[in-house]
Protein chains: 2
Amino acid sequence: MPAKTRLHVCITCRTSDSTVNGNQNDARDGKILLDALVKNQKSSADVEIVPVECLSNCKSGCSLALNAAGKWGYVYGHLNPDVHHEDILKLATAYAQSDDGIVPWRERPEGVRRNVIARIPPIRS
Amino acid sequence: MPAKTRLHVCITCRTSDSTVNGNQNDARDGKILLDALVKNQKSSADVEIVPVECLSNCKSGCSLALNAAGKWGYVYGHLNPDVHHEDILKLATAYAQSDDGIVPWRERPEGVRRNVIARIPPIRS
């Protein structure tokens, strides 16, 4: 069985460009992103969506992190709930299907392929 | 036995501010940082220093990543080999001694405490 992929969504984030979606109310953009991802995820997807409080990437929110045992972990930022949720779900599926967490540039959904903030090596025992 | 801590140093990085140390030669700043860390590490330190090619944080180099099984992983950036190597080694030791990878703000060496780029949750099975 492949390692479980987790898509962690920071629910305390605001978007780095608050004019993008004009969210002027109290709802955090990260929480809006989480809700959009959960709502649109296909039940067959082998990705667990997990809320998390702060990925220390506040200047570049909204943010998410993808990881799985034995794979490179990735943090993405500058995300927008309205624009990016479909591409994020496609990215997470491609990540889950990869051997090492590395999704080749051309296979990353175009809307989010420039949004990588950093990656972190797999944990070896 | 505590989980092995690894300090991954990007050896393909250049500093985000190339005027900081005036490195105009071909040596990558990340490789200079790696060498400084290895040279100054105490033999008793329970941290393995590992070279890595690219942490996808090129705009904010030099970069490093800290991780260990069961702990939050951290990426640090905007590092300078001359200025930061001692603080990085202290930070790595504090990380190794932590239960969850979270080194409280006041316990992070002052020179690098503002250099966090992002963090990524522990991997659960």
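The values are calculated or read from the model by the stated rules, or taken from the named source; none is laboratory data. The structure displayed is predicted, hence computed values, not measured ones. A quick note on method: Cβ atoms are made from the backbone with ideal geometry, for glycine too, and the neighbour counts reach across all protein chains shown. Keep in mind that these areas ignore ligands, DNA and RNA; they rest on the heavy atoms of the full protein, side chains included. Shrake-Rupley method; radii C 1.70, N 1.55, O 1.52, S 1.80 Å.
List of remarks:
- Residues that are among the small types (G, A, S) and either free of Cβ contacts under 8 Å to residues at least 60 places away in the same chain or touching a Gly at 6+ places or on another chain (Cβ under 7 Å) (or both) were ranked within region A:67-81; the one that is nearest to A:T12 (Cα to Cα) is A:G77.
- Search result, residues across region A:61-75 that are touching a Cys at 6+ places or on another chain (Cβ under 9 Å) and either open to solvent by 10 Å² or more (accessible area, probe 1.4 Å) or among the polar types (S, T, N, Q) (or both): A:S63
- Subset of region B:79-122 (residues that are open to solvent by 70 Å² or more (accessible area, probe 1.4 Å) and closer than 22 Å to A:S60 by Cα): B:W105, B:R114
- Within region B:19-43, considering residues that are buried (at least 16 other Cβ atoms within 10 Å of the Cβ) and within 16 Å of B:E53 (Cβ to Cβ), the one modelled with the lowest pLDDT: B:R28
- Residue within region B:51-59 that is open to solvent by less than 30 Å² (accessible area, probe 1.4 Å), at pLDDT 95 or above and farther than 16 Å from B:V116 by Cα present: yes
- Search result, residues across region A:29-71 that are away from every other protein chain (no Cβ under 14 Å), assigned to a loop (DSSP other than H, G, I, E, B) and either among the charged types (D, E, K, R) or closer than 22 Å to B:P122 by Cα (or both): A:K42, A:A45, A:D46
- Complete set of residues in region B:72-117 that are within 14 Å of chain A (Cβ to nearest Cβ), over 12 Å from the mean Cα position of the chain (by Cα) and in a loop (DSSP other than H, G, I, E, B): B:W72, B:D100, B:G101, B:I102, B:V103, B:P104, B:R108, B:R114
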